[in-house]
Every structure is written in structure tokens, then in C-alpha cells.
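Here the structure is laid out as C-alpha cells; the discussion comes afterwards.
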Amino acid sequence: MKLIRKRVLAGEVMLGVGANLGSSLTVEMIGAAGFDWTWIDCEHGAGDYSELIPQIQAASIHKAPAIVRIAWNEAPRFKRVLDLGAAGIMVPYVTSAREAEQAAAAMRYPPEGIRGVARFNRACGFGQDFDTYFKQANDSLLTVVQIETKESVGRAEEIAAVAGVDVLFVGPLDLSVNMNVAQNFKHPKFEQAMDRVAAACRQHGKAAGILLPNLDFLRPWIAKGFTFVVVGSDGGCVAGGLKSIADACSPYREG
């Protein structure tokens, strides 16, 4: 299994692409393109667990391992995804240190956490690699918590201080809506919130992450300290590409 936690915590700029179509083919394309990680979305994405298995398998072909966003901060969701071989989990809508602690515990085997132990699953090589996986899992799997509310930003320092949390990941659309500045990502209030999250991460040795609305934000947001970055999505690329083709063809179409 390819793992990226050490690189993320070392502050490397790690660029990923979202997979929200539920397609193993687009996941394979993301890896083949040379990105650092793949963000498989099981919160808002089209796929469910039946699609997740081939997507994680496709992510293992190249060097862009799967970080899976689960639908909610519930322990059973963690062990199901981790047993399939995900390199980490993204947890939406974390608003407090206690919720961050719950996520960190669900990521880890006892005594550090509460993750159930199973031998014959994909992550453990169906039993062949259990001893190695069990030994390294707690220290090697990436724990990402999403900052999507004013309350989360106000507690950014407390959340970043939680042991076992690796990345504070800003969801810009949710956060901007929650702050009543919907999609105004250059609003002073929104930029101040970003700066606070990035500062909390620096203070506690964690990585700051974010989803780009578009590539114009890549340079300035990396300059702010965001290093774990989603730069696009398979759905966005397909929809944008088709719209460009349709626009180019519009002089030759009727109606």
C-alpha cells in the first residue's frame, strides 16, 4: 500500500484530484496523470461502497493513493473504508476538538484508538500482510478533518492540537456559505478564516488543506500555507470539457 502521511506532515505540496463520479477509470486516469493523491468522495460523490472497491483498487495502480471522504464522523464508516485499503480518511464537518478526537480514535487500532481488528481484508493482503499492516497502520494512515463552519474556524487551534489529526482541510464552499459570504473567496472575513486555520496548523505541526474553486487560487493559497490541495475533479473536467466542445460546435448547430 502506498502511504503519504510522512510527506504530508513534512510540509510537501501534495496535489490531488477529486473523484466524484464513482468511476474506477477516472481514478486510474488521475494516477496516470501523475498527481500525488486521489480524493474519493463518498459524501457528495455519485459512488457508494460498491463503487469504492474498484476505485481504491484503481488508485493502487499508480502513485496517487486514495484518501476517502466518508459521509459522516461515525466509527463504523472508518473501519469499512480502511479495511478496503484506503491510505487515509477525510472527515466532513468537524466542529470541535472532541469530534476531532473521535475521528483520530476511529482511525487507530487499540490501545491508541477504537478501530476494530480484522485479518482477512484487502488492506491486510487478505491475511498475508496482516502483521506488517497492523504494526504500521496507526502511524501511517492519514487523518484529515474538514473545517467548514465558523465554529470550526474559531476552534482551529484546539482542533489542530488533537493528537492523531494530520490535516485541517478547509471546505471553501461550505465555509463561505456558513460565513454568509457565499462563494466570495476573496472576502476579508473568508481570508482571515483561512489565515487562522493555516496558522493553527503551523503552530501544531499539522498540514493545512483546501479544495480550489479554480486554478487561479493555486499560487496564492499555497503562499498562505495550504499544502494539501485538491486542484480539480473528474466530474468538473468532464463537464468543462464537454461544455467547451459544445461551445466550439455552436455555430454549426441548429436551435
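Here are some notes:
- Overall dimensions of the stretch 56-108 as given by Cα atoms, namely Rg and Dmax in Å: 11.7, 36
- Estimated inter-spin distance, Glu158 and Glu12, nm [label 7 Å along Cα→Cβ]: 3.4 nm
- Table column - 3J(HN,Hα) (Hz), the stretch 52-58, Karplus curve with 6.51, -1.76, 1.60, x for Gly and Pro: 5, 4, x, 5, 5, 4, 5
- Put simply, the stretch 57-171 fits an ellipsoid with semi-axes of 26, 15, 11 Å; these come from the alpha carbon gyration tensor as the roots of five times its eigenvalues, largest first.
- Packing order of peptides 156-166, 127-137, 74-84, highest average first: 156-166, 74-84, 127-137 (average count of other Cβ atoms within 10 Å over each peptide's residues).
- Simple spin-label estimate for Leu215 and Ile245 gives 1.9 nm between the two label positions (7 Å along the Cα-to-Cβ direction from each Cα).
- Across every direction, the projection of the convex hull enclosing the Cα atoms of the stretch 124-203 has a mean area of 6.5 nm².
- Kirkwood Rh in Å, taken over all unlike Cα pairs in the chain: 18.6 Å
- Taking 10 °C and 1.306 mPa s as conditions, the stretch 168-255 diffuses translationally at an estimated 108 µm²/s according to Stokes-Einstein applied to its Kirkwood radius (Cα pairs).
- Taking every protein chain into account, the accessible area of the stretch 10-122 amounts to 43 square angstrom per residue (probe 1.4 Å).
- Close amide-amide hydrogen proximity is noted between Phe169 and Val145, Gln146, Ile147, Gly209, each under 5 Å apart and 5 or more residues distant or on a separate chain (H modeled in the peptide plane; Pro and chain starts excluded).
- Solvent-accessible area per residue, Å², over the stretch 149-255 with all protein chains present [probe radius 1.4 Å]: 52 Å²
- Binning the alpha carbon pair distances of the stretch 92-241 at 10 angstrom intervals from zero yields the distribution 11, 35, 29, 19, 6, 0, expressed in whole percent.
- Table column - 3J(HN,Hα) (Hz), the stretch 7-21, Karplus curve with 6.51, -1.76, 1.60, x for Gly and Pro: 5, 5, 6, 6, x, 5, 6, 10, 9, x, 10, x, 10, 10, 8
- Carbon-plus-sulfur accessible fraction, the chain (probe radius 1.4 Å, protein heavy atoms only): 54%.
- Simple label model, 7 Å out from Cα along Cβ direction - Ala97 to Lys150, nm: 2.3 nm
The values are calculated or read from the model by the stated rules, or taken from the named source; none is laboratory data. Computed from a predicted model, the values in this text were never measured in an experiment. Please note: Cβ atoms are built from the backbone with ideal geometry, for glycine as well, and neighbour counts cover all protein chains shown. Just so you know, the surface numbers come from the protein's heavy atoms only, side chains and all, with ligands and any DNA or RNA stripped out. Shrake-Rupley method; radii C 1.70, N 1.55, O 1.52, S 1.80 Å.
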